[in-house]
1. Report the accessible area of Thr162, computed with a 1.4 Å probe over the heavy atoms of all protein chains in place, in Å² rounded to the nearest 10.
2. Would you grab the residues whose amide H sits under 5 Å from the one on Gly136? Only those 5+ places off in sequence or on another chain, please, with H modelled 1.01 Å from N.
3. Once the Cβ-Cβ distance between Ala190 and Glu3 is put in as r, and R0 is 45 Å, what FRET efficiency do you end up with, to the nearest 0.05?
4. Could you pull the accessible area for Lys187 with a 1.4 Å probe, rounded to 10 Å²?
5. Heavy atoms only, 1.4 Å probe, whole protein assembly: order Arg95, Arg56 by accessible area, highest first.
6. Go through Phe139, Phe89 and list them by solvent-accessible area, largest first, probe radius 1.4 Å.
7. Whole Å is fine, so just give me how far the alpha carbon centre of the stretch 43-115 lies from that of the stretch 143-189.
8. In the chain, carbon and sulfur make up what percent of the accessible area (probe 1.4 Å)?
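The values are calculated or read from the model by the stated rules, or taken from the named source; none is laboratory data. Note that this is a predicted model, so its numbers are computed, not measured. Positions of Cβ are backbone-derived with ideal geometry, glycine not excepted, and every protein chain shown enters the neighbour counts. Just the protein is used for accessible areas: all its heavy atoms, side chains included, with ligands, DNA and RNA removed. Shrake-Rupley method; radii C 1.70, N 1.55, O 1.52, S 1.80 Å.
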Amino acid sequence: MPEPSRVEVFSSRLFANRLLSPLYRRYVDQMSLRGDERVLDYGSGGGAAARHLAKRLQAGGGRLTCMDVSERWQTSLRRVLHAYPEVEFRLGDVRAMGLHEASYDVILVHWMLHDVPPGDQPSIVTELARLLRPGGRLFSREPTRAKHGMPAARVRELFAATGLRESHSMEGRAAILGEYYRAVWTKPTA
């Protein structure tokens with residue numbers, strides 16, 4: 001994927017990290033984290049959700065890993081999260097990271113899977129499911145607009161193919177973000 005422009009990074013920091021911050025805080029609050037979890041924010045971008053995850057996990061001794069394929073996003077994210085030295089940053093393709101199976105209690109895939117080339121989506125989702133511990137939860141939210149997004153049925157198909165179970169989902173429309181599909185997936189314990 002190409003690097004975002006400086007304008008895109010700036011507008012993300014202004015729009016998502018400032019103006020939409022209450023929406024992202026509510027979303028993270030709805031995850032009902034205890035605070036001691038190991039969390040992967042996959043495709044963390046400019047850190048709109050990561051800011052709130054880091055704060056929640058810092059209070060409970062949890063660990064946050066922010067992963068993205070973009071060096072520019074990672075540089076921006078390090079600035080956003082400079083007050084959280086315990087956050088780990090990983091740059092690159094999740095499939096090439098060599099991470100241990102069941103490394104994370106919670107994985108967030110937020111507003112980014114639709115940007116992954118369709119041919120790569122199955123192997124990336126399979127790797128994310130492998131990284132989730134049994135009983136762990138994966139949170140996904142994707143735009144579903146035809147021009148910029150992916151159908152909810154495609155998201156369901158990708159995650160269900162890995163053996164994850166959809167425990168909660170909804171389709172909705174946000175005033176600024178548009179139509180979306182949101183789900184919580186759990187990894188079976190046996």
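1. Ignoring ligands and nucleic acids, Thr162 comes out at about 40 Å².
2. So Gly136 has HN proximity to Lys187.
3. Details: r = 43 Å, r/R0 = 0.95.
Step by step, r from the Cβ atoms, then E = 0.60.
4. Accessible surface of Lys187 is approximately 40 Å².
5. Details: Arg95 90, Arg56 70 Å².
The ordering from most to least exposed comes out as Arg95, Arg56.
6. Numbers: Phe139 10, Phe89 45 Å².
So the residues, ranked largest to smallest area, are Phe89, Phe139.
7. Spelled out, the Cα-based centre of one part sits 20 Å from the other.
8. Values: 4870 of 9370 Å².
The value for the chain is 52 percent carbon and sulfur by accessible area.
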